[in-house]
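The values are calculated or read from the model by the stated rules, or taken from the named source; none is laboratory data. It should be emphasised that the depicted structure is a prediction, and the values quoted were computed from it without experimental measurement. Virtual Cβ from ideal backbone geometry, glycine too; neighbours counted across all protein chains shown. Just the protein is used for accessible areas: all its heavy atoms, side chains included, with ligands, DNA and RNA removed. Shrake-Rupley method; radii C 1.70, N 1.55, O 1.52, S 1.80 Å.
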Amino acid sequence: MSDVAVRVDHVSKSFRMYHERNQTLKSAIMRGRTSVHEDFWALQDVSFDVPEGSTFGLIGSNGSGKSTLLKCLAKIYYPNKGTITHFGKLAAMLEVGSGFHHELSGRENIYLNGSILGMSRKEIDRKFDDIVGFSGVEQFIDQPVKNYSSGMYVRLGFSVAINVDPDILVVDEVLAVGDAEFQKKCFDKFAEFKRVGKTVILVSHSMESVRSMCDHAAWLNKGTLKAVGEAAPTIAAYEASLNNG
Amino acid sequence: MNYLKEVLASRELLINLTMREVKGKYKRTVFGQLWSLANPLALMLIYTFVFSFIFRIQLEPGDPSGLDVFAIWLLCGLLPWIFFANVLNSGITSLVSNAGLIQKVAFSRVVLPLSQVASAAYNWLFEIAVLVVVLTILGAFVLPWLPLVVVAMVLLAGFAAGLALMLSIANVYFRDTQWFLSIILQLWMYLSPVIYPVSLVADASEDAGGVLGTPVTILDLYHLNPMVYFLEVFRNLLYDNRWPDPMSWLICLAWALGALLVGFWVFRRNERNLAEAL
């Protein structure tokens, strides 16, 4: 448990807030500039370690920088300062069913989506039955996904993503997919991840699910790290601040 | 070099995205892949009517193939041109139209424009195959030249891919680029020997003399257009069935390599900012 899975080291990330943005050539020329902006620091000097095998929750109010941090972890954004190092294969699940093509069948979309998430064809061949089994859409697997119900759609997307089988899984609030039965399946899957010693980093607004799933947590407020450590005291500190605020 | 490795590592993704384009494109159509021929055929009919029948453009018969059919001569240049225009048109929007994907999943972004090149190439291959069958029926001895046709296709695809990489990035920052491109492509087509032979430009240039009193002729300026060389190579191989001028090969190679190098360089520099800029 003492090994580190992800090290976030003095990470800062700024965005440009545009007061004026000239995305057409005409306005860029007329105004003589493409933009006027000031920097908004979404993350400021955040450092913490995520222990290997832990289920790690990121908590905080809206706009606290949780999602930005998650996107930095997922290598979608790159921090301006600081580094993020991860030890082991990392996969991110920020949205399910990314890149599904509506006219293609569920089967074809499993291969397409799987390869977007970095799986090789062989890997998908091997896991195909698990993916279909987990999603519970066996009957419709050769139908185009545009005919799927929205529940079936996200279930299939989630099944592909969960079967990437990383050492470290980064999850945005996608736990709220599917019906109660499928949600239970998801929770069981996360519990299984934990049992086999994999690391899960998740963002959630539901303190209930953070409390029940996470053993460690970090609390972000307006881009700075307020507290990090065992889940219970961190959550308690966050909730106390809400009640006082 | 590392970058090339990364691109190679995502080749399965490239194949899958290409198949997504190819399979999705003609899904639920009755004629399927045949639609890929519809556009070139319609253009062939109308250009043949206007330029061969009304304007009476005179062509030299293919040497040594002996072919003398305007419509076929036209297709030998029109198919490469349509491929080129398709790559630019679909490549330029490849990043903007996949914004959702780019903002949610980390993967090698360069596969997005490249998959557009590959899916256009797939259709092109089909069109050229049909053209080769027609050429053979008409008596052209085109089969021995096929390996070189493939080489020329690779060069043109490389040139188009390099431009598509640059344009796709430019379009993220300035959405006018795609509207600008449609005008440029129209002008570019008429400035290229697609529907008329270069010999007509040479004649006109000779009559006009040097530009503004300089020894530079209009023909010299005309040759600044790389498509002049690409189309010459394609027509030499397919229509005339002879070796193109080695100099033309070299110029095509240089344009292809140059466009690819600059394209990858521009793309690499901007790749990391895409999720924010979109």
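Of everything in the stretch A:114-128, what is at the interface with chain B (Cβ under 9 Å from one of its Cβ atoms) and assigned to a helix (DSSP H, G or I)? Give them in sequence order. Please lay out each step first, then the result.
To start, the set of residues in the stretch A:114-128 that are at the interface with chain B (Cβ under 9 Å from one of its Cβ atoms) comprises A:114-121.
If the condition is that a residue be at the interface with chain B (Cβ under 9 Å from one of its Cβ atoms) and assigned to a helix (DSSP H, G or I), then A:Gly114, A:Ser115, A:Ile116, A:Arg121 are the ones that fit.
Only one of (1) open to solvent by less than 60 Å² (accessible area, probe 1.4 Å); (2) at pLDDT 85 or above; (3) more than 9 Å from chain B (Cβ to nearest Cβ); (4) under 25 Å from A:Ser206 (Cα atoms) fails for A:Ser105. Which number is that?
(4)
Would you be able to say whether some residue in the stretch A:92-105 is of a type in the set (D, E, K, R), assigned to a strand (DSSP E or B), in contact (Cβ under 8 Å) with a residue 24 or more places away in the chain and more than 28 Å from A:Arg211 (Cβ to Cβ)? First the steps, then the outcome.
Start the filter on the stretch A:92-105 by keeping residues that are of a type in the set (D, E, K, R), which leaves A:95, A:103.
Then keep just the ones that are assigned to a strand (DSSP E or B); that gives none.
There is no residue in the stretch A:92-105 that is of a type in the set (D, E, K, R), assigned to a strand (DSSP E or B), in contact (Cβ under 8 Å) with a residue 24 or more places away in the chain and more than 28 Å from A:Arg211 (Cβ to Cβ).
So, restricting to strands (runs of 3 or more DSSP E) that lie completely within the stretch A:132-245, which ones have at least 2 residues that are on the phi < 0 side of the Ramachandran plot and of a type in the set (Gly, Ala, Ser)? Talk me through it step by step, then tell me what you get.
On the way: elements: A:168-171, A:199-203, A:216-221, A:224-230.
Ranges flagged: A:216-221.
Within the stretch B:20-51, can you find the residues that are within 14 Å of chain A (Cβ to nearest Cβ) and more than 20 Å from the chain's Cα centre (by Cα)?
Quick first cut of the stretch B:20-51, residues within 14 Å of chain A (Cβ to nearest Cβ) only: B:20-29, B:32.
Those that are within 14 Å of chain A (Cβ to nearest Cβ) and more than 20 Å from the chain's Cα centre (by Cα): B:Arg20, B:Lys23, B:Gly24, B:Tyr26, B:Lys27, B:Arg28, B:Thr29, B:Gly32.
Using the structure shown, decide if A:Leu73 is closer than 30 Å to A:Tyr238 by Cβ, of a type in the set (A, V, I, L, M), open to solvent by 30 Å² or more (accessible area, probe 1.4 Å) and within 12 Å of chain B (Cβ to nearest Cβ). Spell out how you get there, then give the answer.
Details: closer than 30 Å to A:Tyr238 by Cβ: yes; of a type in the set (A, V, I, L, M): yes; open to solvent by 30 Å² or more (accessible area, probe 1.4 Å): no; within 12 Å of chain B (Cβ to nearest Cβ): yes.
Against the criterion (closer than 30 Å to A:Tyr238 by Cβ, of a type in the set (A, V, I, L, M), open to solvent by 30 Å² or more (accessible area, probe 1.4 Å) and within 12 Å of chain B (Cβ to nearest Cβ)), A:Leu73 does not qualify.
Can you tell me how many residues within the stretch B:103-124 are over 19 Å from B:Gly263 (Cα atoms) and either touching a Leu at 6+ places or on another chain (Cβ under 6 Å) or within 11 Å of chain A (Cβ to nearest Cβ) (or both)?
Residues that pass the stated criteria total 4.
Among (1) surrounded by 14 or more Cβ atoms within 10 Å (Cβ to Cβ); (2) closer than 29 Å to B:Thr93 by Cα; (3) within 20 Å of the chain's Cα centre (by Cα), there is one condition B:Leu274 misses while meeting the rest; what is its number?
Single failed check for B:Leu274: (3).
Sort out which residues of the stretch A:118-131 are at positive phi and without any contact (Cβ under 8 Å) to a residue 24 or more places away in the chain, and write them in order of number.
none
For A:Lys198, indicate whether it is open to solvent by 30 Å² or more (accessible area, probe 1.4 Å), more than 23 Å from A:Phe128 (Cβ to Cβ) and at pLDDT 85 or above.
For A:Lys198, the condition - open to solvent by 30 Å² or more (accessible area, probe 1.4 Å), more than 23 Å from A:Phe128 (Cβ to Cβ) and at pLDDT 85 or above - is not met.
Considering only the stretch B:73-102, how many residues are away from chain A (no Cβ under 14 Å), open to solvent by 20 Å² or more (accessible area, probe 1.4 Å) and more than 30 Å from B:Leu59 (Cα to Cα)?
3
List pairs: first in the stretch A:23-45 and within 30 Å of A:Leu225 (Cα to Cα), second acidic (Asp, Glu) and modelled with pLDDT under 70, Cβ under 7 Å, 6+ apart or cross-chain?
A:Val36/A:Glu20
Residues A:Ser47, A:Ser27: which one is open to solvent by 10 Å² or more (accessible area, probe 1.4 Å) and within 14 Å of chain B (Cβ to nearest Cβ)?
On the way: A:Ser47 fails: within 14 Å of chain B (Cβ to nearest Cβ).
Exactly one residue qualifies, and that residue is A:Ser27.
Within the stretch B:168-198, can you find the residues that are within 14 Å of another protein chain (Cβ to nearest Cβ) and closer than 19 Å to B:Ala275 by Cβ?
Residues of the stretch B:168-198 within 14 Å of another protein chain (Cβ to nearest Cβ): B:169-181, B:183-184.
Of everything in the stretch B:168-198, those that are within 14 Å of another protein chain (Cβ to nearest Cβ) and closer than 19 Å to B:Ala275 by Cβ turn out to be B:Ile169, B:Ala170, B:Asn171, B:Val172, B:Tyr173, B:Phe174, B:Arg175.
For the stretch B:48-69, which residues satisfy the criterion of being open to solvent by less than 20 Å² (accessible area, probe 1.4 Å) and either among the aliphatic types (A, V, I, L, M) or at pLDDT 90 or above (or both)?
Within the stretch B:48-69, just B:Leu67 meets the criteria.
Evaluate the stretch A:78-100: report whether one residue or more is facing chain B (nearest Cβ under 9 Å), hydroxyl-bearing (Ser, Thr, Tyr) and farther than 30 Å from A:Lys13 by Cα.
The answer is no; no qualifying residue exists.
When A:Gly157 is evaluated against the numbered criteria (1) in contact with a Pro (Cβ under 8 Å, 6 or more places away or on another chain); (2) in contact (Cβ under 8 Å) with a residue 40 or more places away in the chain, which criterion, by number, is the only one it fails?
(1)
Spot the failing condition for B:Val7; the list is (1) under 28 Å from B:Phe264 (Cβ atoms); (2) of a type outside the set (Ser, Thr, Tyr); (3) open to solvent by 60 Å² or more (accessible area, probe 1.4 Å), and only one is missed.
Every condition holds for B:Val7 apart from (3).
Out of all the residues in the stretch A:72-91, which are outside any helix (DSSP H, G or I) and more than 20 Å from A:Phe193 (Cβ to Cβ)? Give the derivation first.
Step one: filter the stretch A:72-91 for residues outside any helix (DSSP H, G or I), giving A:74-91.
Correct list: A:Lys75, A:Ile76, A:Tyr77, A:Tyr78, A:Pro79, A:Asn80, A:Lys81, A:Gly82, A:Thr83, A:Ile84, A:Thr85.
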